[in-house]
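In what follows, a structure is listed as structure tokens, so that the remarks can point back to it.
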Amino acid sequence: MAERGGEDSKERVSMELSDEVFKAMEVGLAFRDYNGRISSMDFHSRATNYLVTASDDESIRLYDIQNSVCLKTINSKKYGVDLVCFTDNPTVVLYSSKNGWDESLRLLSLNDNKYLRYFKGHHDRVVCLSLCPGRETFMSGSLDRTVLLWDPRADKAQGLLRVQGRPAVSFDEQGMIFGVAFGGAIRLFDSRFYEKGPFEVFYVGEEESEANVLKFSNDGTQMLLTTTEGHVYILDSFHGTPVNTFKVKPVLSDGGTLEASFSPDGAYVVSGSGDGSVYAWNVKNGKVACWGSTDSEPPMIKWAPGSLMFLTGSSELSFWVPDLSKLSSFAGIK
């Protein structure tokens, strides 16, 4: 069931993201019908009103966030489901299993609940997925210490990179570059000539803990890297120079992931924490807000594209929006 709160969702105002707006954020809508923790979320790159989630209750759910409705629920009882992401087609998703005996990736049609292709190659849990924007390519990283590159039209991997540790991977928004993080460093590859090895290696502080999530800002000028020790690093994508470093509680559970997300303009980062809290950071100036939680694991976090809204996923799916009554610039608006 979805529960609403806060301001009238039909009200349309013009507002820019600021520290004040962040401090006014609260949960405006929540879906509380999950029977397990949400393990992954993804927005479609073009049909940005579509959101897909994966949960420990072995379900994949498709939402229309513009109309605040769950369009479809598909169960994956045989294989379980851990990570999920959209393909270029908003009715087709790619997902990893969570059953401990089959680490294949699956291409699933949401229209008729049919598998279109299996991708076999990993021998341990897949911990990261990234699709190349506008190209027929995606990457997967696994605890088997490999990163595989795939063409969705072929069953077998088209490329293999070996890593020393848990990898985090991401394509940039142009699809020309991808990053692979492990062992305290981010390695950047030209996606057309990845066989030649990385063209840049950026060392991140003195980090020795496992990489969790790697992401590029929308304009490609910044990267963020989270680690199990609770660090959120922001770096300049071109030179690898540190922009800022934020610290939250470490991830305590073996399967937990510390996730963070850039705002659309790249000026802010929203991150989870090992104690279940949610933090908002001004990339240049530091902490803006923190919201506590009774949870004990970091939530999944995704910023809604082109919107003043971010989502968190834990045992429920929550939509965070600014409460206009708390903003001095909108005081008195009816």
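Of all residues in segment 13-44, those that are part of a helix (DSSP H, G or I) and open to solvent by less than 40 Å² (accessible area, probe 1.4 Å) total 2. A Cβ distance below 7 Å, combined with a sequence gap of six or more or placement on separate chains, defines the contacts here; from segment 289-311, residues that are within 14 Å of GLU16 (Cα to Cα) reach no residue that is open to solvent by 60 Å² or more (accessible area, probe 1.4 Å) and among the small types (Gly, Ala, Ser). Residue under question is TYR79, and the condition is that it be among the hydroxyl-bearing types (Ser, Thr, Tyr) and assigned to a loop (DSSP other than H, G, I, E, B); does it hold? In short, yes.
On inspection, LEU71 qualifies as over 27 Å from ASP254 (Cα atoms), outside any loop (DSSP other than H, G, I, E, B) and open to solvent by 40 Å² or more (accessible area, probe 1.4 Å).
Taken across segment 195-210, residues that are crowded, with 19+ Cβ neighbours inside 10 Å and hydroxyl-bearing (Ser, Thr, Tyr) do not occur at all.
Among the residues of segment 299-313, none qualifies, meaning not one is touching a Gly at 6+ places or on another chain (Cβ under 6 Å), over 24 Å from ASP57 (Cβ atoms) and not in a strand (DSSP E or B). Only one entry of GLY276, GLY256, GLY266, GLY240 meets the criterion of being touching a Lys or Arg at 6+ places or on another chain (Cβ under 9 Å) and part of a loop (DSSP other than H, G, I, E, B), and that entry is GLY276.
Residues that are buried (at least 23 other Cβ atoms within 10 Å of the Cβ) and closer than 15 Å to ARG166 by Cα were ranked within segment 213-256; the one that is modelled with the lowest pLDDT is VAL251. Being at pLDDT 95 or above, over 29 Å from ALA47 (Cα atoms) and not aliphatic (A, V, I, L, M) holds for only one residue in PHE193, PHE199, PHE178, PHE189, and it is PHE199.
The values are calculated or read from the model by the stated rules, or taken from the named source; none is laboratory data. From a predicted model like this one, the values you see are computed outputs, not experimental measurements. Neighbour counts are summed over all protein chains in view; Cβ atoms, including those assigned to glycine, are modelled from backbone coordinates with ideal geometry. Ligands, DNA and RNA are stripped out before the accessible areas are found, and what is left, the full protein with its side chains, is counted by its heavy atoms. Shrake-Rupley method; radii C 1.70, N 1.55, O 1.52, S 1.80 Å.
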